[in-house]
Structure formats: C-alpha cells, structure tokens
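Participant: There's a structure below that I have some questions on.
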Amino acid sequence: MPQLSREELDDIYAFAINLGTSAGKILLDAAKSRYGDDRPEERAHIEKENAVDLVTQTDEDVEAYVKSQIAQKYPSHKFVGEETYSKGASRDYLINEEPTWCVDPLDGTVNYIHLFPMFCVSIGFIANGKATIGVIYAPFLDQLFSACVGRGSWLNETQPLPLVRNPVPPLPVTAPSGCIFSCEWGKDRRDRPDGNMHRKVESFVNMAAEIGGRGGKGGMVHGVRSLGSATMDLAYTAMGAFDIWWEGGCWEWDVAAGICILQEAGGLVTGANPPENPATAPIEEARLGSRLYLAIRPAGPSPTESGRQGQERTVREVWRRVRDLDYSRPGA
C-alpha cells in the first residue's frame, strides 16, 4: 500500500479526535442516565463469555455510531471493532497493509457498569500494519489522550506526554524497585494450578515481594495498580503515571490506540513472555495481535545510561520475575 501523505494523516488525526470525543459523550450520557433520582429502570445486562465480561447496549450503540461516521468519511478504509468481531465465528488476525480503523467502543465495561471512572472509547488507525494514530477518551474524567506518528503524544491536545518533562525522569537504577507496576487479572479466571490466572498471581507477588524474597525474584515495586482497562493502563504509562505495564490476553482494539500514544511519547512496547535468556535476548517491538505486551514508560537519560538503555534494563528485570502466559489466538 502507498504511504499516506502528511496532509492525509493530519486530516485523519483531526477526524479521529473529533470522533473520539463525540463517541465518549455518548458513553457519558448513557452513564448519567443510570444515576440520579430521575434515572429510568435499568436494562438487564447481557452476560458475555463469563461473569466478568459484561456487555451493554451502549457498546453496540457507540460502535455503530463510530463505524457509520468512518464509513461516510473514509469508505475505502477497513474497520475492526470489538463488538462486531466478538459476534463473528472467526478469531483470525484481521490487520494487514490496508488502512484500518481498530476500535473498542467501551474499554472497561465492568468499570462502566459499576460507574468506576476508568472507562473509555479507544480509536486506533493502522497504516501499513503499524499503529499510526491513537485516540483514547475517558469521558467521566474528561481525559483525552491522542497521538499521530511524528506529531507527539498529548493530553487534552495541549499538554505533551509524558507529563513530567525537561527533563523526563530516568527509570530507577533499582527497577523494578521504585516503580509503579500496572497489571490486570484478565478474563481467564479458570482455577487451574498452572493456568493463566495462577501464573499471573505468581508474577504479581514476585514483582511486589521484598528484595531477595521469592528465591531472588522479589522486585519490591513501589506499588501495584489495576485500572480494569488495558487501554487506560497504556495511556497512563504514556503519561508517566505507571512505569511498567505487563499483560496477556488483549486484543488489537485494546491496544492499537494506546501503543501509538505510548510510542509517540517515547515509551517502549515489547512482548510479555520472558525469553529463554532474559539477559541477552533481543528486545523486539511487540506485534499487534500478539496478545502479550510489556510496556515501559518514557524515560530520560541518567549519568550512566540512555533512556532506551534504562527501558531495556527494566524489561529484562521484569522478564526475570514473570511467568509466561498462554494467550494464543483461538484456532491458531
């Protein structure tokens, strides 16, 4: 596919920002209808796959709105949406070289149902297989994260990311000690001794335990955070509020926008699963669709290493402490 021009990308970027904010308003208006003295009788929520993956009519309404707006403006572009994809029989990877919109109309559905404010609309635009434009809007918080390749990352279109700048802080020399570690329980709650949930719990405890504990795997992170939204986790890593995000099980629409925003802010995104030799294995960029991600916040240089060297050092220290997760694509 031919490369899009700078002017074309700028037009798509402006359209994506307007689309994200208008879609977020739909989410917020629907949320407001659920509280207060005059709220209507709530619709029964539909349960999808298991008790922690609830979908509401709002998901489908917002996706239909976003899809229709894109189809009117860019009829030749592909569209991959969380709601329409989940209803299909296939779990094939649908991203190729064509211009593609990758949309989660409501990430943090459980948060949304409970009116916990960490929910958002996520709109990613992918060109030549790469996350090129990202827009994440959390309407309850009125936080708009946006990025376009070559244009940097922004909060509410005015504040460049990461928030702490001039200089951007280096990663702690003792990382992961001194870091905020972000992680999620995920949807796979099967109580199997060596299943994903048990491997995650072991990894969480390794990261949190005292230095020297857990057979030398104790990471003594400064804190552990779980927002209930992979999209918001990535946005907060780009912002610099989180130092490390580690997760398995995400789909393309969970991460496309966030990866663009984080990378434009100067962050690093690689694979979650530790290689055979974490100390020497190459640190490669995570592929969209891999479902396994490890993200490190933007980092400045220290007297002894560059920002990138600090990020790679932190990746290797995380790999030493986490278990590998099994989130291959169904049928793959």
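Readers should treat all values here as calculations from the given coordinates under stated rules, not as data from a laboratory. Remember, it's a predicted structure, so these values are computed and weren't measured experimentally. Backbone-built Cβ (ideal geometry, glycine too); neighbour counts: all protein chains shown.
Participant: Can you compute the charge dipole magnitude of region 268-332 about its Cα centre, using +1 on each Lys and Arg Cβ and -1 on each Asp and Glu Cβ, nothing else charged? Give it in debye, rounded to the nearest 20. Walk me through the numbers on the way to the answer.
Facilitator: Numbers: 10 positive and 8 negative charges, 35 e Å.
Charge dipole of region 268-332: 160 debye, to the nearest 20.
Participant: Which value, to two decimals, describes the C-alpha radius of gyration of region 234-332 once divided by 2.2 N^0.38 Å?
Facilitator: Values: Rg = 13.2 Å, N = 99, 2.2 N^0.38 = 12.6 Å.
Normalised by 2.2 N^0.38 Å, the Cα Rg of region 234-332 equals 1.05.
Participant: Calculate the length of the line joining the C-alpha centroid of region 261-284 to that of region 137-196, in whole Å.
Facilitator: 15
Participant: Can you give me the long-range amide H partners of L161? Hydrogens built in the peptide plane at 1.01 Å from N, cutoff under 5 Å, separation of 5 or more residues or another chain.
Facilitator: Those lying under 5 Å, H to H, from L161 are S153, W154, L155.
Participant: In nanometres, what is the gap between the two model label sites at K78 and K32, each 7 Å from Cα along Cα-to-Cβ?
Facilitator: 3.8
Participant: Subtract the Cα-Cα distance of R313 and Q159 from 0.36 nm times their separation in residues, and report this length gain in nm to one decimal.
Facilitator: Details: separation 154, 0.36 × 154 = 55.44 nm, distance 2.83 nm.
Difference between extended and current length: 52.6 nm.
Participant: Evaluate E = 1/(1 + (r/R0)^6) for A14 and Q57, where r is the Cβ-Cβ distance and R0 equals 35 Å; express this FRET efficiency to the nearest 0.05.
Facilitator: Working: r = 29 Å, r/R0 = 0.84.
With a Förster radius of 35 Å, E is 0.75.
Participant: Report, in debye and to the nearest 20, how large the dipole of region 180-319 comes out about its Cα centre when Lys and Arg carry +1 and Asp and Glu carry -1 on their Cβ. Intermediate results must be reported in sequence, preceding the final value.
Facilitator: Details: 15 positive and 18 negative charges, 56 e Å.
That gives a dipole near 280 debye.
Participant: Using helices alone, I'd like the mean residue ellipticity at 222 nm for the chain: each DSSP H run of four-plus residues gives -39500 (n - 2.57), total over residue count, nearest 500. Kindly include the intermediate steps, with their values, before the conclusion.
Facilitator: Numbers: 9 runs with 108 residues, N = 332.
So the calculated ellipticity at 222 nm is -10000 deg cm²/dmol.
Participant: Find me the longest stretch of the chain that has none of the exposed GluC sites (Glu not before Pro), where exposed means in a DSSP loop (not H, G, I, E or B) with at most 14 other Cβ atoms within 10 Å. Don't jump to the answer; show the numbers that get you there.
Facilitator: On the way: sites that count: E41, E42, E49, E97, E157, E210, E276, E284, E285.
Counting at most 14 other Cβ atoms within 10 Å as exposed, the longest clean stretch of the chain is 211-275.
Participant: Could you pull out which residues in region 226-254 have an amide N less than 12 Å from a spot 7 Å beyond the Cα of H114, following the Cα-Cβ vector?
Facilitator: Answer for region 226-254: 226-229.
Participant: Taking H placed 1.01 Å from N in the peptide plane, check which residues at least 5 places from L171 or on another chain put their amide H under 5 Å from its amide H.
Facilitator: Excluding prolines and chain starts, which carry no amide H, the hits are G300.
Participant: Going down the table (K32/K187; K67/K130; K32/K130; K78/K200), which pairs top 32 Å between alpha carbons? If you can, show how the numbers build up before the last one.
Facilitator: On the way: K32/K187 27 Å; K67/K130 20 Å; K32/K130 36 Å; K78/K200 34 Å.
Distance filter (> 32 Å) returns K32/K130; K78/K200.
Participant: What distance in nm lies between label points placed 7 Å from Cα along the C-beta direction at L141 and V224?
Facilitator: The modelled label-to-label distance comes out at 2.1 nm.
Participant: Work out the length of the dipole vector of the chain about its Cα centre, built from +1 on the beta-carbon of each Lys and Arg and -1 on the beta-carbon of each Asp and Glu, and round it to the nearest 20 debye. Kindly include the intermediate steps, with their values, before the conclusion.
Facilitator: Working: 34 positive and 45 negative charges, 171 e Å.
The calculation lands at about 820 debye.
Participant: Which is farthest toward the positive dipole end of the chain among Y137, G212, H77, measuring Cα position about the Cα centre, with Cβ charges +1 (Lys, Arg) and -1 (Asp, Glu)?
Facilitator: Of the candidates, G212 comes out farthest on the positive side.
Participant: Which distance in nm do the two modelled labels at V205 and R190 give, with both placed 7 Å along the Cα-to-Cβ direction?
Facilitator: Calculated label separation equals 2.2 nm.
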